1. Calculate how many DSSP beta bridges within the chain are antiparallel, expressed in % of all such bridges and rounded to the nearest 5.
2. Provide the per-residue ³J(HN,Hα) series for segment 75-80, in order, calculated from phi with Karplus coefficients 6.51, -1.76, 1.60 and θ = phi - 60°, each as a whole number of Hz, with x at glycine and proline positions.
3. Can you order the peptides 112-118, 30-36, 61-67 by their average number of other Cβ atoms within 10 Å per residue, highest first?
4. I want to verify a result. In a Gaussian network model of the chain, Cα cutoff 10 Å, which of these has the top mean-square fluctuation: ARG218, ARG135, ARG90?
5. For LYS59, give me every one of the aspartates and glutamates with a C-alpha distance below 16 angstrom, ignoring sequence neighbours fewer than eight places off in its own chain.
6. For a quick check: sort CYS217, CYS160, CYS144 by the number of other beta carbons within 10 angstrom, fewest at the front.
7. When a/c is below 1.5 the answer is rounded, else prolate if a/b is larger than b/c, else oblate, so apply that to segment 83-136 with a ≥ b ≥ c taken from the square roots of the Cα gyration tensor eigenvalues.
8. Run the dipole for the chain about the Cα centre, Lys and Arg Cβ at +1, Asp and Glu Cβ at -1, nothing else charged, and hand back the magnitude in debye, nearest 20.
Amino acid sequence: MRKWTYTPARDLDLHGLDRLTSPRRERGLIGAIGHACFLAAARTYLALYHRMRVEGRSKLPVAGPLVIVANHTSHLDAIMILAALPRRLRRVARPVSAADTFFTSLPRAGLASVFIDALAIKRGGTGRQQLAQLRERLTEDGCCLIVFPEGTRTRTGEPCRFRHGVGAIVAGTGIPVVPCFVRGAHAALPPGSRVPRPRPVGVRFGEPMRCDDESDCREGWKQIAESLEAAVLKLGE
């Protein structure tokens, strides 16, 4: 029989907005219930209003740790990917979201935390500490991180270059990284729009990739970002 051990929550010393904006934040009971209810409603909404199609779900690993990298065109992107995941991965999936967009106030941060269980990260010069904390969530918790390496939504619908931060999270770990292409979200809810349009959307998953042979340095991070960018764009062809 495995010996039982007590491990305190990582965010035990954090409160209020500090807790909600920390990559160390853990899901509580209210968060688990809110997350499950929201995704059940989102799956129904996306299927009926946007006729969402999902391709390549069988390529996803059975369990975490896992990183999903995708293009970023709309606020619908993270919700679509969460809804497209099988239940076994939906329960441990954590989108990485911009702190200056979704975590600027306590009510806004609370909604992002409870409904999509997002982890906040600062854009522009993301510190090593934040990236190390995300890597820790992967290796110790076995979670599924959803990352948008472009760093921001495209304003034109055309993809932007991937930033190197994703490489710093996975370099040398051997953790599978699944490329994902989100289609139609920009037409359904472009930046600046508040009301979604009834446009068809889709999510396509590719074959998992591994980065254990890449060096955990800036050059290695760059190589990883470029390889993942090419894999995501190929799915959109």
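1. Around 25 percent antiparallel, to the nearest 5.
2. Taking θ as phi minus 60°, the curve returns 5, 6, 3, 4, 5, 5 Hz for segment 75-80.
3. Working: 112-118: 22.4, 30-36: 14.9, 61-67: 17.7.
Output ranking for 112-118, 30-36, 61-67: 112-118, 61-67, 30-36.
4. Result: ARG218 has the largest fluctuation of those listed.
5. Partners within reach: GLU207.
6. Working: CYS217 13, CYS160 18, CYS144 28.
Neighbour counts put them in this order, fewest first: CYS217, CYS160, CYS144.
7. Values: a/c = 2.53, a/b = 1.25, b/c = 2.03.
It comes out oblate by the Cα gyration axes.
8. Here the size comes out at about 800 debye.
Where a number appears in this text, it was derived from the coordinates with a stated rule and is not lab data. Small disclaimer: the values here were computed from a predicted structure and weren't measured. Don't worry about glycine lacking a Cβ; one is built from the backbone with ideal geometry, like all the others, and counts go over all protein chains shown.
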